[in-house]
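Colleague: Structure below; questions to follow.
The values are calculated or read from the model by the stated rules, or taken from the named source; none is laboratory data. Just so we're clear, the structure is a prediction, and the values are computed from it rather than from any experiment. Note that each Cβ is placed from the backbone with ideal geometry, even for glycine, and that neighbours are counted across all protein chains shown. Remember, those area values only see protein heavy atoms, side chains included, never the ligands or the DNA or RNA. Shrake-Rupley method; radii C 1.70, N 1.55, O 1.52, S 1.80 Å.
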Amino acid sequence: MKAVVYRRYGGPEVLELTELPEPKTHVDSVLIRVRAAGLNRADAAIQAGALDSAVETYFPVVPGWDVAGVVERSGPGAPEFAVGDEVIAYVRGDVQRAHGGFAELVSADVRGVVRKPSALSFAEAAGLPLAALTAYQGVVHALAVRQGESLLVHGAAGGVGAVAVQIAVARGVRVIGVGSAGDHDYLRGLGAQAVAYGEGLTQRVLGLVSQGVDAILDTIGGGVLAASAGAARSGGRLASIAEPGVPGSIDVFARMDRADLTAVTALAEAGLLSVRVGAVFPLEKAAEAQRAFAAGNITGKVVLEIG
């Protein structure tokens with residue numbers, strides 16, 4: 001099969017297109033013919049060696065945690081999936097090796113596989129797994145926002161932020177999304193009130209919610225959570241996916257939870273959640289896709305289309 005690999009740590013320059021043997025299917029895994037794979041900052045960080053002291057790595061590595069595709073084969077311990085089923089999968093492993101989604105085929109642990117929402121294209125669905133898990137666990141578990149409450153989301157138009165906005169709106173939460181002026185129409189379309197970054201942000205939020213918001217979710221880091229903590233009411237909850245250790249804040253790190261991922265796909269199936277795709281590249285241009293993603297000027301998810 002065709003796959004993109006890296007044989008040493010580095011940036012886009014270490015990626016190469018090669019041929020690898022077809023992955024084997026374990027008793028409780030499914031073989032997925034990948035139709036699209038999403039790019040994430042965490043993938044790039046691991047590729048650069050940022051977690052070398054914590055994660056075992058065996059080269060060559062096939063990167064890519066987020067995939068959407070079609071079941072080619074299922075193991076005997078995965079009877080819930082049949083050949084031809086359209087699925088999405090979160091294929092992060094405890095060990096980095098030739099197992100990721102930047103390939104024509106990937107063998108995925110059934111615990112990380114759920115059905116693809118029919119309302120989404122393969123490219124859109126490939127943008128879901130990591131963003132969906134992070135957003136859901138931030139909004140529902142860490143902050144536990146509920147109907148009638150208010151939530152301020154930093155980076156609301158980003159991959160995780162936009163999903164978090166839609167999850168909260170679906171729960172009956174009043175959402176104030178912080179983003180650039182060019183994203184305000186998009187945020188309003190998701191059901192959020194939009195505010196811009198800049199001086200006086202806290203005062204502008206308090207102008208919308210005089211008593212302060214019930215919760216704040218930070219998806220971008222850089223000190224924005226501490227700077228805007230005054231926009232939360234007394235006893236308000238704070239969480240960050242991007243800046244660990246902020247006093248009074250809950251750190252959110254995504255972990256695979258099939259129930260959480262299924263809950264988000266159900267929202268997409270019901271038409272309550274969409275994914276904005278900013279750019280699509282073929283598999284052989286994975287390095288170009290990484291460069292475009294790192295440049296930060298693409299609005300929406302960057303996706304590799306395969307097959």
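Colleague: Whose amide H sits under 5 Å from the amide H of LEU238, counting only residues 5 or more places off or on another chain, with H placed in the peptide plane?
Modeller: Under 5 Å from the amide H of LEU238 lie the amide H atoms of ILE216, ILE250, each far enough along the sequence or on another chain.
Colleague: Cα axis of helix 159-170 to longest principal axis of the chain: angle in degrees, 0 to 90, nearest 10?
Modeller: 60
Colleague: Roughly how many Å² is the accessible area per residue of the stretch 154-281, as a whole number, for a 1.4 Å probe? Don't skip to the answer; put the middle values down first.
Modeller: Numbers: 5360 Å² over 128 residues.
Dividing the accessible area of the stretch 154-281 by its residue count gives 42 Å².
Colleague: Name the residue from GLY148, LEU130, TYR197 whose Cα lies farthest towards the positive end of the charge dipole of the stretch 122-201, charges +1 on Cβ of Lys and Arg and -1 on Cβ of Asp and Glu.
Modeller: Looking along the dipole axis, the top candidate is GLY148.
Colleague: Further question on the same structure: In the stretch 1-87, which chymotrypsin sites (Phe, Trp or Tyr not before Pro) are in a loop and have at most 15 other Cβ atoms within 10 Å, using DSSP for the loop call?
Modeller: Numbers: sites: TYR6, TYR9, TYR58, TRP65, PHE81; in loops: TYR9, TRP65, PHE81.
Answer by residue number: TYR9.
Colleague: Taking the Cα centre of the stretch 221-307 as the origin, how large is its charge dipole in debye, to the nearest 20, when only Lys and Arg (+1) and Asp and Glu (-1) carry charge on their Cβ atoms?
Modeller: Numbers: 8 positive and 8 negative charges, 44 e Å.
Approximately 220 debye in magnitude.
Colleague: For THR25, THR299, give me the order by solvent-accessible area with a 1.4 Å probe, most accessible first, ignoring ligands, DNA and RNA.
Modeller: Details: THR25 40, THR299 75 Å².
So the residues, ranked largest to smallest area, are THR299, THR25.
Colleague: So, for the stretch 65-131, what is the accessible surface per residue at a probe of 1.4 Å, expressed in square angstrom?
Modeller: Numbers: 2320 Å² over 67 residues.
Using a 1.4 Å probe on heavy atoms only, each residue of the stretch 65-131 averages 35 Å².
Colleague: At 222 nm, what value in deg cm²/dmol follows for the chain if DSSP H runs of at least 4 each add -39500 (n - 2.57) and the sum is divided by all its residues, to the nearest 500?
Modeller: On the way: 9 runs with 72 residues, N = 307.
Counting only the DSSP helices, I get -6500 deg cm²/dmol.
Colleague: Given Cβ point charges of +1 (Lys, Arg) and -1 (Asp, Glu) and nothing else, what value in debye, to the nearest 20, does the dipole of the chain about its Cα centre take?
Modeller: On the way: 26 positive and 31 negative charges, 97 e Å.
Dipole size: approximately 460 debye.
Colleague: Could you run the Karplus curve 6.51 cos²θ - 1.76 cosθ + 1.60 with θ = phi - 60° over the stretch 130-141 and give me ³J(HN,Hα) per residue in whole Hz, x for Gly and Pro?
Modeller: Values, residue by residue: 5, 4, 5, 5, 5, 5, 5, 5, x, 6, 8, 8 Hz.
Colleague: Over the chain, with every protein chain in place, what whole percent of the accessible area is carbon and sulfur at 1.4 Å, could you tell me?
Modeller: Values: 6610 of 12870 Å².
Roughly 51 percent of what the probe reaches on the chain is carbon or sulfur.
Colleague: Not counting the cut sites, what is the longest span of the chain without GluC sites (Glu not before Pro) that DSSP labels loop and that have at most 14 other Cβ atoms within 10 Å?
Modeller: On the way: sites that count: GLU80, GLU199.
Counting at most 14 other Cβ atoms within 10 Å as exposed, the longest clean stretch of the chain is 81-198.
Colleague: Please list LEU128, LEU15 in order of solvent-accessible area, largest first, computed with a 1.4 Å probe with all protein chains present.
Modeller: Result of the area sort, largest leading: LEU15, LEU128.
Colleague: May I pose another question? Among all the lysines, which ones have a C-alpha under 25 Å from LYS24's C-alpha, if same-chain residues fewer than 8 places away are not counted?
Modeller: The qualifying lysines are LYS2, LYS116.
Colleague: Here's a follow-up. Accessible area of ARG291, 1.4 Å probe, to the nearest 10 Å²?
Modeller: Roughly 130 Å² of ARG291 is accessible to a 1.4 Å probe.
Colleague: May I ask for the angle, rounded to the nearest 10°, between helix 286-295 and the longest principal axis of the chain, with both axes built from Cα atoms and the value confined to 0 to 90°?
Modeller: Long axis of 286-295 versus the principal axis of the chain: about 10 degrees.
Colleague: Where does helix 258-269 land angle-wise versus the long Cα axis of the chain, in degrees 0 to 90, nearest 10?
Modeller: 80
Colleague: How fast does the chain diffuse by Stokes-Einstein, in µm²/s, taking the Kirkwood radius from C-alpha pairs at 25 °C and 0.890 mPa s?
Modeller: It comes out at roughly 125 µm²/s.
Colleague: Turning to a different aspect of this structure: Quick one: what do you get for the stretch 1-144 if you divide its Cα Rg by 2.2 N^0.38 Å?
Modeller: On the way: Rg = 15.0 Å, N = 144, 2.2 N^0.38 = 14.5 Å.
My calculation over the Cα atoms of the stretch 1-144 gives 1.03.
Colleague: Scan around LEU105 for amide H atoms under 5 Å from its own, H built in the peptide plane at 1.01 Å from N, and keep only partners 5 or more places away or cross-chain.
Modeller: Sorted by chain and number, the residues that satisfy this are VAL34.
Colleague: Another question, then. Given a 10 angstrom Cα cut-off, can you work out which residue in LEU190, LEU151, LEU208 is the most mobile in a GNM of the chain?
Modeller: Among LEU190, LEU151, LEU208, the largest GNM mean-square fluctuation belongs to LEU208.
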